[in-house]
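Trainee: Shown below is the structure under consideration.
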Amino acid sequence: MENHSRDKGKATQTDNEDKDDLQSVLTLQRHLLMEAKTLDSDLDFAFQLQMQEAFSASLSVHHPSSSLDVTLSPPSDMGFDYVTLMLQDIERFEMERKDREESEEEMRRFRNDLNRSIYDQNFARYIMNVPEQEWNNYGDNYERPYDGNVVESQNEGFRVYVKGLVSEERIREMKVTVGGVGVAICDFWNNLVLELRKKLDGAEFMTCEMAGVEAVIHGLNAALSLDLKRVTLFVDDFLVYQFITGRQQPGQSKLGTKVNEVSLLQKRFTYFQPSFAARNDMSFVFKLARDAIVSQITWPVETSNGKGLKETCMICFEDTDATQMFTVDGCFHRYCFSCMKQHVEVKLLNAMVASCPHEGCNTEVTIDSCGKFLDPKLVEIMSNRKKEASIAVSEKVYCAFPRCSALMSKSEVLQYTRTVMLVAEQSGARKCVKCHRFFCIYCKVPWHFDMTCIDYKRLNPHPAREDAMLNTLATKKRWRECIKCKHVIELGGGCYHITCRCGFEFCYTCGAEWRNKKPTCSCPIWDEPNIIHNRQRRQ
């Protein structure tokens, strides 16, 4: 261990000496270039002075009577200024060197913190496995200070999550194609170690697969910069996964060159295992890639509150304050609050669940996030829409109390009722999960405690006023009720073979069931005027 420390100290000293030597060379070169530029300027000035003196003498010989006023102009750059260009190159090189040194120093701090964290976790696990009796006797004496020279990270397995994206965006009146890379490195327990977000240069010439391979390269390079030797790589693009596992060859192309670069990077690890991950498991690294894209399509502006950022909405094409842009959870596409409000409201009016408005994207807009731009009542409606979509029609139950009418599933309300009534399943009594009152699941009325359903119907032969009005309207309009789910259906046109949303098939004329796509009654299947009417209406 002492030899290791001594060698490391010598290596550090050598690095510092090399840096000092490089700085001295750069300083000397800059000094020599500045002297050369000054000398060149002096020579040019002397040359111009001699030329003007010769010109004046020539004029005085040929035109002695003429007055001559010759002004000496400062030296001008008659040719290409190579010295200035070289000085600029030196300045650029020195700036890049400083940036690289700062990046390397940051990585050294990362590696040291990572080794310390791994060391602490391993020591904590060791302590947890110490027998209780031994701990009681010697626990106060357990000590193992961290030695910064021990490279723990090389012996541990890490997870590298990568995602590359290419997207067509809008910056004011201009459409642009931009790309971004997201990288997250986690330890074996999925604790975040490092995260990166970078823009992709040349994204306008990239496919999604090429962006994914670029993300892999960035992720592996980041792992190597941390001296990690054992990694599992996670990608959510199946074609990218096929490329890096060698199961599919990209051919002779730029993509093939990038895949070969991945193969070379793999060989620098003692253990490398690519893994195909589900999209849901990659949402955090997906967001990093989208953030890298967003950083390229925003621009700074001066506002009344100071400096801010503007971004162009892809729906209305208006330049909007970045704080007023809505990000769809899951896909992270962004639109202004006004456009999203209209989009979601239209979906609600059509009894549909709102999804991301981006073309080809089916990501559902979450209810919680809509609270930023929707009225609370609309948020509640949206919540009910989602619940309705998640419950099968035959499983839906509504509270019998008109002021409540909460939607529940049969299994949900039964499970809730069992907590207070053991015989709920046999009795038909159900307790509403919202208003907590009891109702009868068979009679669809408040619970009749002292009588059976038969007794209740005998004592209450007439339906409630609201139900009576609905029955009268249904009879007048010739609506038919599905005998399975009790859903009321109106036939606007077409044949009399009805398929209810619960899947039950029946005859609209008499209500008889259809079995194996055939009627069990002798009613006519269609009426010609009804079919013609339906056809004309469609035209």
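The values are calculated or read from the model by the stated rules, or taken from the named source; none is laboratory data. Since this is a predicted model, take the numbers as computed values, not measurements. When we count neighbours, we look across all protein chains shown, and the Cβ atoms used for this are built from the backbone with ideal geometry, even at glycine. Keep in mind that these areas ignore ligands, DNA and RNA; they rest on the heavy atoms of the full protein, side chains included. Shrake-Rupley method; radii C 1.70, N 1.55, O 1.52, S 1.80 Å.
Trainee: On average, how much accessible surface per residue is there in region 185-241, in Å², for a 1.4 Å probe, leaving out ligands, DNA and RNA?
Mentor: Result: 43 Å² of accessible area for each residue.
Trainee: Same structure again: Hey, rough spin-label estimate for SER263 and THR472, points 7 angstrom out along Cα→Cβ, what's it come to in nanometres?
Mentor: Taking the two extended label points, one gets 8.2 nm.
Trainee: Gap in Å between the Cα centre of region 507-523 and the Cα centre of region 415-467?
Mentor: So the separation of the two Cα centres works out to 32 Å.
Trainee: While we're on this one: At 0.36 nm per residue, and after removing the present C-alpha to C-alpha distance, how many nm does the segment from GLU490 to GLU318 gain when stretched out fully?
Mentor: Difference between extended and current length: 57.5 nm.
Trainee: Nearest 0.05, what FRET efficiency do LYS410 and GLU380 give at R0 = 30 Å with Cβ-Cβ as r?
Mentor: 0.85
Trainee: Mean 1/r over all different Cα pairs, inverted: what Kirkwood radius does region 300-390 give, in Å?
Mentor: 13.9 Å
Trainee: Can you classify region 158-292 as rounded, prolate or oblate using the Cα gyration tensor, where a ≥ b ≥ c are the square roots of its eigenvalues, rounded means a/c under 1.5, and otherwise it's prolate if a/b beats b/c and oblate if not?
Mentor: Oblate shape, in that a/c is at least 1.5 and b/c is the bigger or equal ratio.
Trainee: Which ³J(HN,Hα) values, rounded to whole Hz and listed in residue order, are derived for region 207-223 from phi using the Karplus coefficients 6.51, -1.76 and 1.60 in 6.51 cos²θ - 1.76 cosθ + 1.60 with θ = phi - 60°, glycine and proline given as x?
Mentor: Those phi angles translate into 8, 4, 5, 5, 5, x, 5, 4, 5, 4, 4, 4, x, 5, 5, 5, 5 Hz.
Trainee: Taking region 143-277, how many lysine pairs are there with alpha carbons less than 25 Å apart, if each pair must be eight or more places apart or span two chains?
Mentor: Here the count comes out as 20.
Trainee: Would you work out the relative contact order for region 158-292, in percent, from Cα pairs under 8 angstrom that are 6 or more residues apart?
Mentor: Over region 158-292, the number comes to 33 percent.
Trainee: Still on this model: Output the peptides 172-182, 295-305 sorted from most to least packed, where packing is the average of other Cβ atoms within 10 Å over each peptide's residues.
Mentor: The packing order, highest mean first, is 172-182, 295-305.
Trainee: May I ask you to give the solvent-accessible area per residue for region 300-390, in square angstrom, as obtained with a 1.4 angstrom probe?
Mentor: For region 300-390, the solvent-accessible area averages 58 Å² per residue.
Trainee: Here is a follow-up. Could you work out the pair-distance distribution P(r) of region 399-465 from its alpha-carbon pairs, with 10 angstrom bin width and percents rounded to whole numbers?
Mentor: Result, from short to long distances: 21, 54, 24, 1 percent.
Trainee: In the structure shown, do any of LYS377/LYS434; LYS434/LYS486; LYS310/LYS386; LYS341/LYS386 have a Cα-Cα gap over 26 Å, and if so which?
Mentor: The pairs that break the limit, which is 26 Å between Cα atoms, are LYS310/LYS386.
Trainee: With +1 on the Cβ of every Lys and Arg and -1 on the Cβ of every Asp and Glu, and nothing else charged, how large is the dipole of region 147-302 about its Cα centre, in debye rounded to the nearest 20?
Mentor: The dipole magnitude comes to about 340 debye.
Trainee: Further question on the same structure: Using the heavy atoms of the protein chains alone and a 1.4 angstrom probe, what is the accessible area of region 394-435 per residue in square angstrom?
Mentor: 56 Å²
Trainee: Measure of size requested: the Rg and Dmax of region 342-487, with Cα atoms as the atom set and Å as the unit; please supply both.
Mentor: 18.6, 58
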